[in-house]
Amino acid sequence: ASELEISADELQDYYAQSRNRYMQDEQRQASHILIPFGEDEDAAKDQAASLTARVNAGEPFADLAREYSADSGTANQGGDLGLLVQSQLPGALGDAIFAMRDGEIRGPVRSDFGFHVIKLASVQAGGPLPLDQVRGELEQELRARKVEDLWREKVRALSDALFDAENIQGIADDLDMTVQTATEFTRQGGAPFGSNQAIIDAAFSDMVLNQRRVSDIIELDANRSVAMQVTRYEEAQRLPLAQVRDSIENAIRTERAQEEIGEKSAALKAELQNGKDFTAAAEEFDATSVTSVVMTRDNADVDANIRTAVFGVKKPQPDQPRIGNVRTASGDEAVFAVTAYAPGRPEAIPVQQRDAGKRELAGQVGQADYAALVFELERQADIVRNDDALEQQSLYQ
């Protein structure tokens, strides 16, 4: 993109094609003097009329606005309202400003706020924005378009070259591209492609790995495509024991520890099912006992596996807690007893959320019903085999 040149003619043509995107409403710049109604509306109107006459007689509008205008937001700026479109200034004041001629003085104009003396300073006609105001955006868009065209041309040229190519370096020389080398690329991936499955599959395909042919074009993402050829391959080998001893020992320790805590978990569960006190049983097995808690289905403070297991057991009876065990997300073993339950309270869910849930469930039911209907229609359909049609070599004969 940085190497592309955008000519003035190209930019002008693109602006002409795009000008409808940059339409603007008519804009007007005006100043005003506001005289509020106060306790005597007639007196306010007379003062506004007097100020209008003074402006028409040649007194500076800005000076009078600073002295008399009750609009504190504009008085210090000589009454300047800035550049406005009509939608920004609804009501009588806007109607008057957008009905005036350039340079006209008008007053008194009555609005909800009082009486106004107005001076129209300039008018900018509606229509497309000038090229200079949108030049930067158009140049960026045009550059992106040209880059996309160049990108497609390169990909197309590479695709054509792959038809009869034997060597990737020859393709690069012909197309003025650069061959780069990736080393230590495994079935799990590697730099610079990460774990992109598309290039892993291509690299270890029969055509590329065994026949050593140049691959087809592989699209890595929206901005990267690659063609590749394997130049060296080392088969997987078992590492020496000395090199992997620590990791094997750790794996064995972990496996044995998991077996041991699994046996303890099952034994603790059996004790609880036989009626032993929960805290006493936990002490006997050197387990950490957690005090009784109230748990909800979306309680983020509780391990997700425990939460799923707790809500997966049957409802407890007053004299019959439900005992269960589960492996937690961190690999520990947890044994639990569900002693009581409380039904859900749909009324506690906001109405909008409930309605959204109903619509989602209705959609799921509808999809299931539709799938069942299609399946049943297919099952009961009568199919007539047309042997004459099947024997024809062409459907167009």
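Numbers for the structure displayed
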item: Residue in the range 134-144 that is assigned to a loop (DSSP other than H, G, I, E, B) and either open to solvent by 40 Å² or more (accessible area, probe 1.4 Å) or in contact (Cβ under 8 Å) with a residue 12 or more places away in the chain (or both) present; result: no
item: Residues of the range 314-344 classified as assigned to a loop (DSSP other than H, G, I, E, B), within 19 Å of ALA267 (Cβ to Cβ) and open to solvent by 40 Å² or more (accessible area, probe 1.4 Å), total; result: 2
item: Neighbours by Cβ (under 7 Å, 6+ apart or cross-chain): first from the range 276-296, at pLDDT 85 or above and surrounded by 11 or more Cβ atoms within 10 Å (Cβ to Cβ); second among the hydrophobic types (A, V, I, L, M, F, W, C) and outside any helix (DSSP H, G or I); result: PHE278/ALA337; MET295/VAL302
item: Hits in the range 205-221 (condition: in a strand (DSSP E or B) and surrounded by fewer than 15 Cβ atoms within 10 Å (Cβ to Cβ)); result: GLU219, LEU220, ASP221
item: One residue from ALA202, ALA165, ALA198, ALA172 being open to solvent by less than 100 Å² (accessible area, probe 1.4 Å), in contact with a helix residue (DSSP H, G or I) (Cβ under 7 Å, 6 or more places away or on another chain) and part of a helix (DSSP H, G or I); result: ALA202
item: Counted residues, the range 39-61 - those being open to solvent by 60 Å² or more (accessible area, probe 1.4 Å), more than 18 Å from ASP80 (Cα to Cα) and within 59 Å of the chain's Cα centre (by Cα); result: 5
item: Residues of the range 1-50 classified as under 30 Å from ASP112 (Cα atoms), among the hydroxyl-bearing types (Ser, Thr, Tyr) and without any contact (Cβ under 8 Å) to a residue 12 or more places away in the chain, total; result: 1
item: Odd one out for GLN180 among (1) part of a loop (DSSP other than H, G, I, E, B); (2) open to solvent by less than 80 Å² (accessible area, probe 1.4 Å); result: (2)
item: Residue in the range 355-368 that is outside any loop (DSSP other than H, G, I, E, B) and touching a residue at least 24 places away in the same chain (Cβ under 8 Å) present; result: no
item: Among the candidates ALA372, ALA300, residue that is under 30 Å from ALA257 (Cβ atoms) and either assigned to a helix (DSSP H, G or I) or at pLDDT below 90 (or both); result: ALA300
item: Qualifying position, being of a type in the set (Ser, Thr, Tyr), surrounded by 12 or more Cβ atoms within 10 Å (Cβ to Cβ) and touching a strand residue (DSSP E or B) at 6+ places or on another chain (Cβ under 9 Å), among SER122, SER111, SER159; result: SER111
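The values are calculated or read from the model by the stated rules, or taken from the named source; none is laboratory data. The shown structure was predicted, so the numbers you read here are calculated from the model rather than taken from an experiment. Cβ: placed from backbone, ideal geometry, glycine included. Neighbour counts: every protein chain shown. In case anyone asks, the SASA skips ligands and DNA or RNA and just uses the protein heavy atoms, side chains included. Shrake-Rupley method; radii C 1.70, N 1.55, O 1.52, S 1.80 Å.
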